[in-house]
Structures are given as structure tokens and as C-alpha cells.
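Asks: Below is one structure. I have some questions about it.
The values are calculated or read from the model by the stated rules, or taken from the named source; none is laboratory data. What you see is a predicted model, and the numbers here were worked out from it, not measured in a lab. Every residue, glycine as well, gets a Cβ built from its backbone with ideal geometry; the counts of neighbours run over all protein chains shown.
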Amino acid sequence: MIAQWTSAQVHDTVAAIVAQPAYRAERRSLLTRLIRLVSDYIGRLLDAVRGSLDAKIVIAVAVAAIVLIIGVRVALDRRAAARRARDPERLRAGGGRRDAWAEARTSAAAGRYADASHALYVAVLEALTAAGVVRYHRSKTAGDYARDLRRGGSPFANDFRAFGRGFDQLAFGHVVKPAEEYERLAALAERIVTGVRRSAAA
């Protein structure tokens with residue numbers, strides 16, 4: 001016979017999980033409110049099935065639901081982190097702007113090709129947005145910018161599409177020879193930026 005869980009015990013257990021350091025910053029977040037809602041629902045379910053042989057199943061489902069919620073949040077956080085890595089604002093330090101090209105070279109020299117590719121991406125986006133060729137938005141991906149360029153009839157559309165594909169592969173470790181891919185990506189980035197600057201100056 002398994003021990004019956006009371007609503008208070010469920011609340012205490014969930015509170016102990018949320019109190020851990022990894023969740024302190026999220027106390028007021030949607031995740032915390034969602035966990036509390038789920039724990040309330042679980043508590044009501046356990047009260048309803050007290051004494052029932054199905055209590056063990058209910059507890060297992062409840063635990064699985066909490067694990068699923070936490071897993072979804074972790075996945076969303078990772079996606080947000082990847083998006084922030086592409087964000088040109090990440091290169092702003094203090095009141096000034098760091099040199100994306102210099103950062104790319106430094107990272108590549110250290111063998112950090114994923115970081116180098118992100119810096120190249122920033123350099124290209126900075127040039128495109130400064131020239132008014134694309135409109136920057138933090139939610140946009142390389143594919144979104146490629147479509148914007150194509151719809152606008154930009155002469156840089158094809159190069160940027162190739163650059164975007166190479167960036168995605170290098171940034172997320174899907175290449176066999178990252179050093180060679182970085183050199184190809186850097187050459188594309190330089191060609192795009194040089195072309196954009198010449199067009200803007202004309």
C-alpha cells in the first residue's frame with residue numbers, strides 16, 4: 001500500500017524544487033506560475049482519489065507533467081540563447097561597440113569557429129542594416145533576412161543566402177572541417193559587406 005500524498009505535501013515538494021538556485025531567478029516568471037497551477041491541480045486530484053488504488057498512477061502522471069514543463073522551459077531557454085547569440089546588441093559593451101571583425105579573427109585563431117561565425121554574422125547584419133538594405137529585428141533568422149533581400153530584389157540576396165546556410169552549419173557544429181568553412185564564410189561576409197558599402201557610397 002503506497003502512502004497517500006496530501007495537497008500540502010504536493011505544494012511543499014514543488015516549492016522545494018522551485019527554491020533551488022536554478023529557479024530563483026524565475027520566481028515571478030510564467031514558469032513558476034504554471035508550476036503552481038499544476039501543483040494545485042495535482043493536489044485536487046490527489047484529494048479526489050485518496051484511498052483509491054489509482055493514486056499511484058495519478059502521482060506518476062503528475063510527476064511526468066512537471067518534468068515535461070521543466071523540459072519545455074529548458075528547450076525554450078536554449079533557443080532564446082541561440083537567438084541572443086545572433087543578436088548584434090550582444091557586441092555592445094559599455095557605451096561602445098566592439099569590432100565584430102576583430103572578434104571573428106580572434107575567435108577563429110583560438111579555434112572557436114562557432115563564436116567566430118556569430119561575429120561574422122553580426123558584422124554582415126550591421127552593414128546591411130546601416131545601409132538600410134534590411135530592417136533588423138531580434139526575432140529574425142538568417143533565412144528571414146535572405147527572404148527579405150530576395151523580395152527586395154537585392155543584388156546581395158544570393159551571397160547572403162549562401163552565407164546564411166554556411167553560418168547555420170558552422171555555428172551549430174554541422175561541418176567536418178570548421179577551419180575551411182570559416183575561411184569560406186569570412187570571404188562571403190567580406191564580399192557582402194564590401195558590396196553593400198560600395199552601393200551605399202555610390
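Asks: Among the listed residues 104, 146, 100, 131, which satisfies the condition of being of a type in the set (A, V, I, L, M), modelled with pLDDT of 65 or more and more than 23 Å from the chain's Cα centre (by Cα)?
Replies: 131
Asks: When you look at residue 115, is it surrounded by 15 or more Cβ atoms within 10 Å (Cβ to Cβ) and free of Cβ contacts under 8 Å to residues at least 60 places away in the same chain, yes or no?
Replies: Criteria met by residue 115.
Asks: Is it the case, given these coordinates, that residue 197 is in contact with a helix residue (DSSP H, G or I) (Cβ under 9 Å, 6 or more places away or on another chain), surrounded by fewer than 21 Cβ atoms within 10 Å (Cβ to Cβ), more than 17 Å from residue 101 (Cα to Cα) and in the same structural domain as residue 100 (by TED's automatic domain parsing)? So that I can check it myself, show each step before the final result.
Replies: On the way: in contact with a helix residue (DSSP H, G or I) (Cβ under 9 Å, 6 or more places away or on another chain): yes; surrounded by fewer than 21 Cβ atoms within 10 Å (Cβ to Cβ): yes; more than 17 Å from residue 101 (Cα to Cα): no; in the same structural domain as residue 100 (by TED's automatic domain parsing): yes.
No, not satisfied.
Asks: Any residue at all in the stretch 149-158 that's within 22 Å of residue 105 (Cβ to Cβ) and either of a type in the set (Ser, Thr, Tyr) or out of contact with any Cys (no Cβ under 6 Å at 6 or more places or on another chain) (or both)? Break it down stepwise before answering.
Replies: Start the filter on the stretch 149-158 by keeping residues that are within 22 Å of residue 105 (Cβ to Cβ), which leaves none.
Within the stretch 149-158 (the criterion being within 22 Å of residue 105 (Cβ to Cβ) and either of a type in the set (Ser, Thr, Tyr) or out of contact with any Cys (no Cβ under 6 Å at 6 or more places or on another chain) (or both)), the answer is no, since none of the residues qualifies.
Asks: Based on this model, can you work out whether residue 123 counts as within 16 Å of residue 101 (Cα to Cα), in the same structural domain as residue 104 (by TED's automatic domain parsing) and at pLDDT 90 or above?
Replies: Criteria met by residue 123.
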